[in-house]
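I have placed the structure first, in the form of structure tokens, so that the comments after it can refer back to it.
We did not get these values from a lab; they are worked out from the coordinates using the rules stated. Only a predicted model underlies this, so the values are computations on that prediction, with no experimental measurement involved. Reconstructed Cβ throughout: ideal geometry from the backbone, glycine too, with neighbour counts over all protein chains shown.
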Amino acid sequence: MQSNLQQIREEFWSNGYIVIENFFDFTLMDELHELILAQFKGNHDSCLNDEFATKAETQIVPWFPQREGVDRFNVIDDDARLAAITAAVLGEGWHSQYCMVMYSAQGTNGQAWHQDCPPETKDDYNLNRLVYTRDIVDEIGGQLRLVPRTHTGGALPAGDPHGDFEGQLTLYPKKGTLVLLHGHCWHSVQPVHGRYRVSTNYRAAPANTPDDVTDVCVYRNMRYRFSTKTVLEERVAAKL
Ligand SMILES: O=C(O)CCC(=O)C(=O)O
Ligand SMILES: [Fe+2]
């Protein structure tokens, strides 16, 4: 393996995430961004139900462009550099799951702290390959927060859905930045007070990972199953 890929693999597995700036060129980011804006123009209906949004303190509108034949989004899947990095991190036999654009309108609360899938089965996890088509800045909000090294730290503690953690980092990915983030690593998205915020996630998984690995998401106040829209477990912080 080339030494830069080796380095990426080591950093990812040590911290649970890695940020690579200027990975995608601006022309491509602008092109994808225009397609995203065209999709969301006046159309903010979410397929996630309101009960979920309220309880999870998470307000995003997901869009799966490739499922609707918007093939231009394949360009990232077809990027040989990204494939090489993904193989370095996940090992041979990895596969891509889906591309999901996440749109947050002005005045929405982002995403509460979560793990994309339960950490108890440590070998079953998703890899978030996050692409940012515009800079994430304080004026807009929607900063990405995470707690380094928690990909091996077990379940997110029950508690305040948006509350602070010791050691948390706030990331400001820029246009063209690639963030790789382990699905078990604790992460959240800050509220959006500017016009809107978008990110695009090309999720991938190692060989032999069940297709529905991200069906159950772990929040600080519950575990939620998306396919049946049910709360699997209410979680309450232990009193001190
Ligand atoms: O939009 C982001 O920056 C992170 C979104 C997220 O939590 C995810 O894709 O799992
Ligand atoms: Fe997530």
message: Against the definition (buried (at least 18 other Cβ atoms within 10 Å of the Cβ), touching a residue at least 40 places away in the same chain (Cβ under 8 Å), within 12 Å of ligand 1 (Cβ to nearest atom) and farther than 20 Å from Thr54 by Cα), how does Thr133 come out, yes or no?
response: yes
message: I'd like to know if region 19-35 contains one or more residues that are closer than 25 Å to Asn208 by Cβ and in contact with a strand residue (DSSP E or B) (Cβ under 6 Å, 6 or more places away or on another chain).
response: no
message: Looking at (1) assigned to a helix (DSSP H, G or I); (2) over 21 Å from Thr214 (Cβ atoms), which one does Thr133 not meet, given that it meets all the others?
response: (1)
task: Would you tally the residues in region 180-213 being more than 20 Å from Asp124 (Cα to Cα), near ligand 1 (Cβ under 10 Å from one of its atoms) and not basic (Lys, Arg)?
output: 6
- request: Please list, ordered by first then second residue, the pairs with beta carbon atoms under 6 Å, 6 or more apart or interchain, first in region 1-21 and free of Cβ contacts under 8 Å to residues at least 12 places away in the same chain, second surrounded by 16 or more Cβ atoms within 10 Å (Cβ to Cβ).
  value: Glu11/Ile18
Unmet requirement for Ser96, which otherwise passes all of (1) touching a residue at least 60 places away in the same chain (Cβ under 8 Å); (2) within 25 Å of Thr54 (Cα to Cα); (3) surrounded by fewer than 21 Cβ atoms within 10 Å (Cβ to Cβ): (2)
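How many residues are buried (at least 21 other Cβ atoms within 10 Å of the Cβ), assigned to a loop (DSSP other than H, G, I, E, B) and not small (Gly, Ala, Ser) if we restrict to region 136-146?
1
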- prompt: Out of all the residues in region 109-130, which are within 12 Å of ligand 1 (Cβ to nearest atom) and either free of Cβ contacts under 8 Å to residues at least 60 places away in the same chain or assigned to a strand (DSSP E or B) (or both)?
  reply: Gln111, Ala112, Trp113, His114, Gln115, Leu127, Asn128, Arg129, Leu130
field: Hey, Gly153 in contact (Cβ under 8 Å) with a residue 12 or more places away in the chain and either β-branched (Val, Ile, Thr) or loosely packed, with under 15 Cβ neighbours inside 10 Å (or both) or not
entry: no
task: Take region 180-217 and flag every residue that is in a strand (DSSP E or B), within 11 Å of ligand 2 (Cβ to nearest atom), closer than 17 Å to Tyr17 by Cβ and not small (Gly, Ala, Ser).
output: Leu181, His182, His187, Val189, Asn201, Arg203
